[in-house]
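Comments concern the structure below.
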Amino acid sequence: MKMRTLSDQTKTNIEAEFVKYPDKRSVLLPALWIVQEEMGYLSEPAMMDVADLLDITPVQVYDVATFYYMYNLKPVGKFHIQVCKTLSCGLVGANALIAYIQKRLEIHAGETTSDGLFSLKLVECLAACGSGPMMQINEDYYEHLTNQKVDQILDDLKRLGRSPLATGRFRLPMVG
Amino acid sequence: MPVYEKILLKNMELSGYTGSLTDYANTGGYSALEKVLKGMSPADVIETVKKSGLRGRGGAGFPTGVKWGFIPKDHPGPKYLCCNADESEPGTFKDRQLIENDPHPILEGIAIACFAIGAQTAYIYIRGEFFTGAKVLNQAIADAYRAGFLGKDILGSGFNLDIYVHRGAGAYICGEETALLESIEGKRGKPRSKPPFPATHGLYQKPTVVNNVETLSNVPHIINRGPEWFAAIGNGKSTGTRIFSVSGHVNNPGNYEVPLGITFREMIFEHAGGMQGDKKLKAIIPGGASASFFTPDHLDVRMDFESVAAAGSMLGSGAVTVMNEDTCMVWAAMNLLEFFHHESCGKCTPCREGSAWLLQILKRIEAGDGRLDDLKALESLSHKIEGMTVCAFGDAEVAPILSTLKHFRAEYEAHIEERRCPFRPNAVLAMAH
């Protein structure tokens with residue numbers, strides 16, 4: 001099957017998921033993850049390719065892609081910052097933290113910095129309620145945040161592409 | 001402070017414990033699966049779990065063994081088990097800790113459950129944000145296959161089982177069991193009308209059990225130590241321990257595993273170290289954002305399913321959110337309505353439209369533009385949502401409003417009379433997408 005935009009590797013990775021489910025449609029969420037990992041977001045040609053691979057219609061793909069908040073329907077920055085704004089984080093300073101990040105990056109939530117490095121999104125509860133305020137950047141959680149920590153994390157990411165302040169294995173409270 | 005024996009958090013507190021298969025095996029891991037496969041029938045296993053009194057740790061508290069017993073025995077199959085690792089109820093962060101630090105008890109619990117109900121395929125539905133958790137689980141699954149605890153003819157018993165990790169992608173509603181099934185099937189996570197129930201028409205319309213991570217983690221211990229041991233822990237019909245996630249204005253937020261039935265007072269002031277800065281306690285959410293608010297008058301309520309329900313709320317997911325005297329209750333309700341409005345799947349009109357109207361009114365009150373009849377409007381709208389939706393989301397979204405109106409009505413009135421928020425003069429940041 002000729003793909004519009006997906007690479008051979010992406011196609012192979014999607015097809016490798018088929019063995020896990022009794023039908024092809026069930027591979028839709030995994031397939032969209034695989035595409036997003038390769039391309040950073042879900043373009044319309046990519047979604048049409050997924051539809052072809054799964055024997056479903058492009059509308060069925062679009063229907064699902066627009067329902068789940070983590071699928072990006074447009075390109076995002078290299079570092080996708082998602083700050084939790086739900087109650088437990090809100091009680092310990094999420095709003096002030098969000099204001100600080102917006103000021104520091106000179107963007108509003110929903111925007112990307114002009115150098116394409118950082119996108120900011122406000123999100124609902126990420127299951128880090130005892131260690132807020134917190135944010136997720138790409139695959140990593142950053143918890144117990146302060147303005148100083150945010151400065152360091154953003155600097156680390158810009159310079160090194162990663163930050164040692166990312167949460168390792170999660171334990172709260174730390175015991176032993 | 002009272003000290004209790006931990007069951008689920010015990011391993012990870014051992015020095016040097018990594019959660020690897022080797023470490024788990026050294027604590028006796030997978031001996032329960034061996035015991036089941038070598039000497040018990042599926043009916044024995046179900047009976048044992050029924051006798052233990054184990055109830056679902058995800059939110060609803062349904063007896064686990066009874067749920068397993070609903071799976072038709074004469075069905076030709078396939079049958080499925082789904083492990084709900086979609087942990088999304090605001091305030092809850094226990095499953096994340098179990099998954100990342102001790103994944104094998106979950107797999108062992110899944111294997112025992114699958115043997116009991118006759119399933120040969122299980123899916124772990126994990127929320128999309130848990131990248132780390134998904135990696136840990138995939139590694140643990142690969143190790144368990146290599147050691148012969150998963151795959152074909154497990155431990156020579158003839159029992160076959162495959163476990164797959166299925167990642168969600170950011171939708172709270174997928175923690176609702178039928179929405180979870182829809183999501184695995186590659187659809188929008190919209191809850192199904194019940195009946196039929198998943199026990200007969202679940203994943204791919206086949207008999208299916210959906211169990212929470214913490215629920216399944218308890219199963220190997222019940223097999224190893226016996227149902228009587230488990231049933232002796234806790235209070236009445238709420239047996240065993242529970243991991244409570246405590247957050248908000250306490251000195252030591254965190255996950256605390258205690259027997260069901262201790263008081264909120266003990267949890268907040270002993271285990272979680274009391275109130276930050278010795279501020280006064282104003283409100284407690286006892287079981288996640290879907291549960292009605294409690295006040296300091298409820299501190300001596302016991303943390304078990306029946307006691308919390310009798311006091312007018314629910315134990316839910318075990319998430320305890322603590323708020324001090326400086327917290328504006330209108331803001332707290334508004335914050336949660338932003339959550340519910342954002343997460344409503346859109347299937348049922350009362351929930352979809354109602355959450356938008358409720359949020360609009362709350363924002364108006366919080367901003368100082370409220371009118372006195374807004375309080376009546378909040379109540380009447382809430383009552384038109386409650387019980388009128390396919391899933392429990394509708395009831396959940398009105399719980400913060402109805403309970404804050406009940407316990408803190410004067411605060412709403414103060415916002416309206418003073419035409420401002422008495423607690424937070426600066427308007428809260430609007431949600432941006």
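Odds and ends about this structure:
- Candidates B:HIS75, B:HIS221, B:HIS166, ranked by Gaussian network fluctuation over chain B, Cα under 10 Å, top entry: B:HIS75
- Spin-label model distance (nm) - B:SER31 vs A:LYS74, 7 Å beyond Cα toward Cβ: 5.9 nm
- Between region B:273-300 and region B:250-267, the Cα center-to-center distance that results, in Å: 11 Å
- Cα shape, region A:8-65, gyration tensor, a/c 1.5 rule: oblate
- Dipole of region B:79-148 [Lys/Arg +1, Asp/Glu -1 at C-beta], most positive-end residue of B:GLY133, B:ALA85, B:THR121: B:THR121
- GNM flexibility winner over chain B from B:GLY189, B:GLY158, B:GLY394 (Cα, springs under 10 Å): B:GLY158
- Computed over chain B, relative contact order equals 16 percent, with contacts defined as Cα pairs under 8 Å that lie 6+ residues apart.
- Counted over chain A, the DSSP beta bridges are approximately 55% antiparallel.
- Candidate aspartates and glutamates for bridging to B:LYS206, where Cα separation is under 18 Å - those fewer than 8 sequence places away on the same chain excluded: A:ASP23, B:ASP74, B:ASP162, B:GLU176, B:GLU177, B:GLU182, B:GLU185
- Long pairs among B:LYS38/B:LYS67; A:LYS2/A:LYS24; A:LYS78/B:LYS187; A:LYS24/B:LYS190; B:LYS51/B:LYS406; B:LYS38/B:LYS237, criterion Cα-Cα beyond 27 Å: A:LYS78/B:LYS187; B:LYS51/B:LYS406; B:LYS38/B:LYS237
- Sites count as exposed loop sites when they are GluC sites (Glu not before Pro), lie in a DSSP loop, and have at most 14 other Cβ atoms within 10 angstrom; the longest stretch of chain B without one is B:6-324.
- In nm, spacing of pseudo-spin labels at B:LEU372 and B:GLN276 (7 Å Cα→C-beta vector): 3.7 nm
- Overall, region B:309-382 carries a charge dipole of about 280 debye about its Cα centre when +1 sits on the Cβ of Lys and Arg and -1 on the Cβ of Asp and Glu, all other atoms neutral.
- When both region A:43-89 and region B:388-419 are represented by their alpha-carbon centers, they are found 33 Å apart.
- Rounded to the nearest 20, the Cβ-based charge dipole of chain B about its Cα centre (Lys and Arg +1, Asp and Glu -1) stands at 800 debye.
- Pairs of lysine residues in region A:79-160 - Cα separation under 16 Å, sequence separation of 8 or more or cross-chain: 4
- For region A:79-160, size of Cβ-based charge dipole, Lys and Arg +1, Asp and Glu -1, in debye: 180 debye
- Since only A:THR57, A:ALA96, A:GLY161 are under comparison, the one whose Cα sits farthest along the positive direction of the charge dipole of chain A, derived from C-beta charges on Lys, Arg, Asp and Glu, is A:ALA96.
- Anchor B:LYS35: aspartates and glutamates whose Cα lies under 12 Å away (excluding residues fewer than 8 positions away in-chain): B:ASP44, B:GLU108
- Relative contact order for region A:55-176, counting Cα pairs under 8 Å that sit 6 or more residues apart, in percent: 24 percent
- Number of partner chain Cβ atoms within 10 Å, mean per residue of A:77-89: 5
- Taking B:LYS237, B:LYS347, B:LYS194 in turn, the Gaussian network model of chain B (Cα-Cα springs below 10 Å) assigns the largest fluctuation to B:LYS194.
The numbers here are math on the coordinates, done by the rules we state, and not lab data. These figures come from a predicted structure and were not determined experimentally. Positions of Cβ are backbone-derived with ideal geometry, glycine not excepted, and every protein chain shown enters the neighbour counts.
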